[in-house]
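Chemist: Dropping a structure here in structure tokens format, bear with me for questions.
The values are calculated or read from the model by the stated rules, or taken from the named source; none is laboratory data. Quick caveat, the model's predicted, so the values are computed rather than measured. Cβ coordinates were reconstructed from backbone atoms using ideal geometry, including for glycine residues, and neighbour counts include every protein chain displayed. For accessibility, only protein heavy atoms count, side chains too; no ligands or nucleic acids. Shrake-Rupley method; radii C 1.70, N 1.55, O 1.52, S 1.80 Å.
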Amino acid sequence: MRFHLALTLQALWAGVCQAAMQHYPAAWGHYDVCKSQVYSDEGLTWDYMACQPEAADMTQYLKVTLDPPNITCGDPPETYCALENPYMCNNECDATTDELAHPPELMFDTEGRNPTTFWQSTSWKKYPKALLVNITLSWNKTIELTDDIVLTFESGRPEQMVLEKSLDYGRSWQPYQFYATDCLDAFTMEPKTVQDLTQHTLLDIICTEDYSRGYVWKNDKTVRFEIKDRFALFAGPRLHNMASLYGQLDTTKNLRDFFTITDLRIRLLRPATGATMVDENNLSRYFYAISDIKVQGRCKCNLHANSCVYDKEKLSCECEHNTTGPDCGRCKKSYQGRAWSAGSYLPIPKGTANTCIPSNIGPVIRQNVSSLGVANRKEECNCNPFGSVSDRCNGTGFCICKEGTTGPKCQQCLPGYLWDDGCKSRVCDNELLRCQNGGVCVNNVRCSCTSDYSGLLCENHRCESELGGCGGPDSGQAPLTPPSLPGLLLLLLLGPALLRDASCWPALL
Ligand SMILES: [Ca+2]
């Protein structure tokens, strides 16, 4: 029953989407690309989604830079001892021998079963001068992080480090998170964990001691930046209204910017020592070694592309909606009929693709004014009373047409609209886009519902007061069942196909 309901809702929305997508002539370009065909009770229909590329392993596309450049071990060759046992010194590093070299690319290779491959720094020979290493990961493209950043250390985890981000290709940097065995001592910050954050402080920069404890490093070698937990905080534990969440994603620039980067920088400030005192007689115990770095994300395309290509060592969005630029951040030259704006997380029809429209047609669309009206400039306009805002043109010479209407007198309908005392959006017919629950399609523009149902397609059961709400697409009310956290994360993180209207919850969870 639940499955059937899901399919029906999907089909219903696909139907409404089809009706609503025909505002612009197809010749203007592909504005409705972010859809896929799905089979449902109604046959083959379209399923609309937010227009963004799939999340992917972004470490395939980065350039890594180390500072200082000669900080990688092996030149000259060196032998290292184990942190926990100064007499176990069988870790050799020699840059001239493949088997003994530890270059930076070994942080991003695919790990086989054994042995682990890793990058390694020189040892802390210059103690007490700090052993500082910056590892910079550059994409030369804005990307949006969708999952936790995870660093896996082969040696002990550093006692002090900072993870930083850049949004301007490395010109300026902001901290993402501080890590230390003692946050107060290292950074004069109170130690916190991501669990200490609230919905109001989820973008706060914290120092955590969770990933730096020296003596237990063998049990856990990872250092994380918790992105999923912050997303969950944003959504809130008692989220009832998915439409409101999408609305926030569309409007909460701070949140989107927080997870948007062009570069990441790992600043290693103090290696693991496992003790309060550093053993000055055996400094070859102290070094950094990283076996793996995970960065999951997607190209930022401003919701105007559903794919991103890697060509000539560069990522770029395959822009749709007549947009262009590496991030689809502007309108194409001849499509500047109105100002560029980002697309929407809400798929058609609730959201908008914000398609760039042709330069020569923009003013007409903006004002919905008939071009032929110019020639009647000084005469009575005789605008169609149903299709125009007023039957007079008030000295402007133009008839001002209502939505969906065109022609010199506003007497014609745009594609997707049908005449019914003015142009009404085509919402139903007796074949594909049926009215639901016994409703009857009237003139293809409205459903006449039975007394128990309401809504555009009679999809809403009139609510029993004790139930407190129905949560249909037009009700503006919350679904009765709050979404589960795993479902929410799926929606937010895993891919554009999962981002769609609140009405589709049953299909997802
Ligand atoms: Ca590796």
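Chemist: When residues of the range 192-210 are filtered for being open to solvent by 30 Å² or more (accessible area, probe 1.4 Å) and in a loop (DSSP other than H, G, I, E, B), how many remain?
Modeler: 11
Chemist: Just a yes or no: is a residue in the range 218-240 over 23 Å from Leu167 (Cα atoms) and modelled with pLDDT of 90 or more?
Modeler: Checking the range 218-240: at least one residue is over 23 Å from Leu167 (Cα atoms) and modelled with pLDDT of 90 or more.
Chemist: Identify all residues within the range 158-181 that are more than 20 Å from the chain's Cα centre (by Cα) and open to solvent by less than 10 Å² (accessible area, probe 1.4 Å); write none if there are none.
Modeler: If the condition is that a residue be more than 20 Å from the chain's Cα centre (by Cα) and open to solvent by less than 10 Å² (accessible area, probe 1.4 Å), then Pro158, Met161, Val162, Leu163, Gln177, Tyr179, Ala180 are the ones that fit.
Chemist: Moving to a separate point now. Suppose we filter the range 278-300 for residues that are within 30 Å of Pro326 (Cα to Cα) and among the polar types (S, T, N, Q); how many remain? Even if it seems obvious, please write down each step before you answer.
Modeler: Keep residues of the range 278-300 that are within 30 Å of Pro326 (Cα to Cα), which gives 292-300.
Pick out the ones that are also among the polar types (S, T, N, Q) and you get 296.
Matching residues across the range 278-300 total 1.
Quick grid of which residues meet (1) touching a strand residue (DSSP E or B) at 6+ places or on another chain (Cβ under 9 Å); (2) surrounded by 16 or more Cβ atoms within 10 Å (Cβ to Cβ); (3) in contact (Cβ under 8 Å) with a residue 40 or more places away in the chain:
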| site | (1), (2), (3) |
| --- | --- |
| Ala56 | yes, yes, yes |
| Lys63 | yes, no, yes |
| Leu66 | yes, yes, yes |
| Cys81 | yes, yes, yes |
| Met88 | no, no, no |
| Thr97 | no, no, no |
| Met107 | yes, yes, yes |
| Pro115 | no, no, no |
| Ser121 | yes, yes, yes |
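Chemist: Continuing with the same structure: Can you name every residue in the range 23-65 that is aliphatic (A, V, I, L, M), in contact with a helix residue (DSSP H, G or I) (Cβ under 8 Å, 6 or more places away or on another chain) and either modelled with pLDDT of 90 or more or in a loop (DSSP other than H, G, I, E, B) (or both)?
Modeler: Applying the first criterion (aliphatic (A, V, I, L, M)) to the range 23-65 yields 26-27, 33, 38, 44, 49-50, 55-56, 58, 62, 64.
Remaining after also requiring in contact with a helix residue (DSSP H, G or I) (Cβ under 8 Å, 6 or more places away or on another chain): 38, 49-50, 55, 64.
Of everything in the range 23-65, those that are aliphatic (A, V, I, L, M), in contact with a helix residue (DSSP H, G or I) (Cβ under 8 Å, 6 or more places away or on another chain) and either modelled with pLDDT of 90 or more or in a loop (DSSP other than H, G, I, E, B) (or both) turn out to be Met49, Ala50, Ala55, Val64.
Chemist: Which members of the range 87-118 meet the condition of being within 16 Å of the ligand (Cβ to nearest atom), assigned to a loop (DSSP other than H, G, I, E, B) and not hydroxyl-bearing (Ser, Thr, Tyr)?
Modeler: Listed by number, the residues that qualify are Ala101, His102, Pro103, Phe108, Asp109, Glu111, Gly112, Arg113, Asn114, Pro115, Phe118.
Chemist: Output the number of residues of the range 119-144 satisfying the condition of being farther than 20 Å from Ala56 by Cβ, away from the ligand (no atom under 12 Å from the Cβ) and not hydroxyl-bearing (Ser, Thr, Tyr).
Modeler: 11
Chemist: Further question on the same structure: Would a scan of the range 169-176 turn up a residue that is within 16 Å of the ligand (Cβ to nearest atom) and part of a loop (DSSP other than H, G, I, E, B)?
Modeler: Taking every residue of the range 169-176 in turn, none turns out to be within 16 Å of the ligand (Cβ to nearest atom) and part of a loop (DSSP other than H, G, I, E, B).
Chemist: How many residues are hydrophobic (A, V, I, L, M, F, W, C) and more than 20 Å from Val295 (Cβ to Cβ) if we restrict to the range 106-129? Before the answer, list the steps.
Modeler: Step one: of the range 106-129, the residues hydrophobic (A, V, I, L, M, F, W, C) are 106-108, 118-119, 124.
Then keep just the ones that are more than 20 Å from Val295 (Cβ to Cβ); that gives 124.
The total comes to 1.
Chemist: On the given criteria, is Lys125 surrounded by fewer than 15 Cβ atoms within 10 Å (Cβ to Cβ) and out of contact with any Phe, Trp or Tyr (no Cβ under 7 Å at 6 or more places or on another chain)?
Modeler: Criteria met by Lys125.
Chemist: Which of the residues that make up the range 401-424 are closer than 12 Å to Pro385 by Cβ and open to solvent by 30 Å² or more (accessible area, probe 1.4 Å)?
Modeler: Lys402, Lys409, Gln411, Asp421
Chemist: Taking only the range 145-168 into account, find how many residues are assigned to a strand (DSSP E or B) and either among the hydrophobic types (A, V, I, L, M, F, W, C) or more than 16 Å from the ligand (Cβ to nearest atom) (or both).
Modeler: Qualifying residue count, the range 145-168: 12.
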